[in-house]
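Structure first, commentary second.
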Amino acid sequence: LKGNDLGGAIASCLVNLTFLRYLDISNNHFTGNIASTPLTNLTMLQFLSFSKNQFQVPVSFRSFANHSNLKALLANENKLVAEPAGFQTWLPKFQLKIFSLLNCTIEEHGKLQLPNFLYFQHDLRYVDLSYCNFGEIRFPHWLLQNNTRLQELYMIDSSIAGPLTLSPHPNLKLMQRLERLDLSHNNLFGGVPEELATSTSLLRIRLSNNSLSGKIIPAIYHLIGSLEALYLDGNKFEGDISDVSTISSKSLQVLDLSNNRFSGKLPRWLWNHTDLWVLDLSKNRFEGLIPMELCNLVSLEFLDLSLNHLSGTIPSCSNLQMMKHVHLANNRLSGTLSKALCKSSSLVTLDFSENNLTGRIPGWISTLPALSVLLLKANQFHGEFPLHLCRLQSLSILDLSQNKLSGHVPSCLNMGLTIYNLTKDYMGSVFPLRKYDHFTFAEEKIEFSTKGATYTYKGNILDLLSAIDLSCNQLTGIIPPGLGNLSEIRGLNLSHNNLNGPIPSTFSKLKQIESLDLSFNHLNGRIPPQLTEVNALEVFNVTHNNLSGPLPDRKAQFGTFDESSYEGNPLLCGLPLNKSCNHGDSRGTSSALAGEEEHGLLGMGDFYISFAVAYAIMFLTTIIVLYINSYWRQACYYFIKDGSITCYFFVVDSLYRLPCFRRNI
């Protein structure tokens, strides 16, 4: 009955199904206290799931005391009800193999604690207590001690605190069958327990986002050789992990050591793990070169070495054809891109931001048919804007800001919304009944600057983002009206360039745009009044240009913009500026601006024609006045006669003073 949008109380007639062995009513809207439902009388049940409902569940689970055949109990996402202390301890008649209490809450003023019946379970194979606030408890090592067949244990974000102690006695060997252990997002501290290093069954470990510290080598030296996935990200581990003997393994698929304090060169033993397809060493202190041995990882799909101190050039690997996401941002990489990753036709994300890369943006980038995110900001790329990027049909996010690119902004950019599933489930649970798989590929994340700040996008939001940032370059010419055809774009930043001409009125077709930054250019003319039709616009910046005329009407989103959006344009007027536009000036200015936007600046030929016409009019007016008035005509005659005589004697006298003229006389 799962997922049928059923609600209300459970029908009482269900109590007649006394021989029912399997019942799944998850993902509905059933209500009521679970202790008062017919479920407590179905004692032959072997599998029971009432997850994702609105039940009130007594925290002791005593309602199921007589279910002697029960093997799997799934009670995720319901509300627990506190009980008196005397109800907490009871001896269950069942021995569960699967127990899941994922994402549970407790009623107001109640204290959430581990169900006491778990102390009496000895055959558990799968336990999930994730996303439940158990109030800073210590790690329940007795779960491992009592259940020697336990294969999977998940306590993600369960408020576990203190040192990670997996066994009460150092010589007591537990976890002989444990394959998956996830204790991420807790408050664990201390080092890696020795029990992990001696385990022969563990395949996947996640200890992410705790406060664990110390060195991981040699604690997990032998463990890496047998693991499939290791997540130690978001801790305080430190030290040099490069100088160890070679570890060869074909089982390791995922290694995430990001956001720690590891130092030294990149570990040499990594390049022997040829089946590795996720490698994340970002946010550490690694230094030195990226070795050519990186090309040995032919199965690699995700690579993140960003936010380190790596230097040198990016190796050219022609055999990484499975690569989909590459992040090398915020390092000290230099040189040109040459043919790095030129054969990685599956690339979706390419992030080389904030390095010292030089030269032109190479043409091989345009041959990547799946490329959706291209981030090259804050480098030293130069030359004209690479028109070959127009061939990228899947491109949705482009950031070339803070470079030295010149030339014109092309109108051929084809920014679309190509949806990629950036979350990959790479390992299924050994239990087919399981609803949650915590060991999934981490979501792709990128940083992009928009709306005046830098944001991190991931998941579905990243899939829906389409944006262009060409700011802080040396681009010239007009803004092509063709950019108005990018109907799905949400962010456009052309600020801090040398662009001129008017703002295209076609921008009114950008119905999804949320941020438009055209500041610090040489744009002129009026701000198109049609922009008020853009209802999604949150940030509008045209400061420090040569714009003039009245501002668009203060309606829709333009009613939310203050004078800070327009400063540095002294010829603008109207609200919200403290400079009004009177009716006459406004009409004249509007006509002039409309003519200027249509035809550009006044030509010199038009100026000469206007001057000649004005001179002719003045000459004819003078002739007509002298013809009509005889007194003025006579006065003008004597004035001209006296002026001519004066000029004659002035010229003769000047010539007489010359020595050569006197000798001739």
Report task. Specify the residue that is surrounded by the fewest Cβ atoms within 10 Å (Cβ to Cβ); the eligible residues are those in the stretch 571-601 that are at pLDDT 70 or above and out of contact with any strand residue (DSSP E or B) (no Cβ under 7 Å at 6 or more places or on another chain). Result -> Asn578
Query raised in the report: Before we move on, is Leu551 surrounded by 10 or more Cβ atoms within 10 Å (Cβ to Cβ), among the aliphatic types (A, V, I, L, M) and at pLDDT 85 or above?
Result: yes
Report task. Run Leu80 past the list (1) modelled with pLDDT of 90 or more; (2) buried (at least 17 other Cβ atoms within 10 Å of the Cβ) and report the number of the one that doesn't hold. Result -> (1)
Report summary line: Restricting the stretch 8-27 to residues that are among the hydrophobic types (A, V, I, L, M, F, W, C) and within 20 Å of Leu102 (Cβ to Cβ), the one surrounded by the fewest Cβ atoms within 10 Å (Cβ to Cβ) turns out to be Leu23
Report summary line: The number of residues in the stretch 55-75 that are closer than 20 Å to Tyr126 by Cα and among the polar types (S, T, N, Q) is 3
Requested in this report: Among the residues of the stretch 214-243, count how many are closer than 28 Å to Ser159 by Cβ and surrounded by fewer than 16 Cβ atoms within 10 Å (Cβ to Cβ).
Outcome: 3
Query raised in the report: Of all helices (runs of 4 or more DSSP H) completely enclosed by the stretch 602-665, which ones contain at least 2 residues that are at pLDDT below 70 and within 30 Å of Gly525 (Cβ to Cβ)?
Result: 604-628
Query - Index of the failed condition, Gln321 passing every other in (1) part of a loop (DSSP other than H, G, I, E, B); (2) surrounded by 23 or more Cβ atoms within 10 Å (Cβ to Cβ) - result: (2)
Requested in this report: State which residue pairs qualify: first residue touching a residue at least 24 places away in the same chain (Cβ under 8 Å) and inside the stretch 370-385, second residue among the acidic types (Asp, Glu) in any location, beta carbons under 6 Å apart, and separation of 6 or more residues or different chains.
Outcome: Leu375/Asp351; Leu375/Asp399; Lys377/Asp399; Ala378/Glu354
Requested in this report: Only residues in the stretch 462-484 that are within 14 Å of Ile503 (Cβ to Cβ) count as the first member; pair them with residues that are among the polar types (S, T, N, Q) and assigned to a helix (DSSP H, G or I), Cβ under 6 angstrom, at least 6 apart or cross-chain, and list the lot.
Outcome: Pro481/Thr506; Gly484/Thr506
Report task. Considering each residue of the stretch 126-158, count those that are surrounded by fewer than 21 Cβ atoms within 10 Å (Cβ to Cβ), at pLDDT 90 or above and either within 34 Å of the chain's Cα centre (by Cα) or basic (Lys, Arg) (or both), and give that number. Result -> 4
Query - Members of the stretch 478-515 found to be more than 21 Å from Gln402 (Cβ to Cβ) and assigned to a loop (DSSP other than H, G, I, E, B), listed by number - result: Pro480, Leu486, Ser487, Glu488, Pro502, Ile503, Pro504, Leu510, Lys511, Gln512, Ile513, Glu514
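The values are calculated or read from the model by the stated rules, or taken from the named source; none is laboratory data. Just so we're clear, the structure is a prediction, and the values are computed from it rather than from any experiment. Neighbour counts are summed over all protein chains in view; Cβ atoms, including those assigned to glycine, are modelled from backbone coordinates with ideal geometry.
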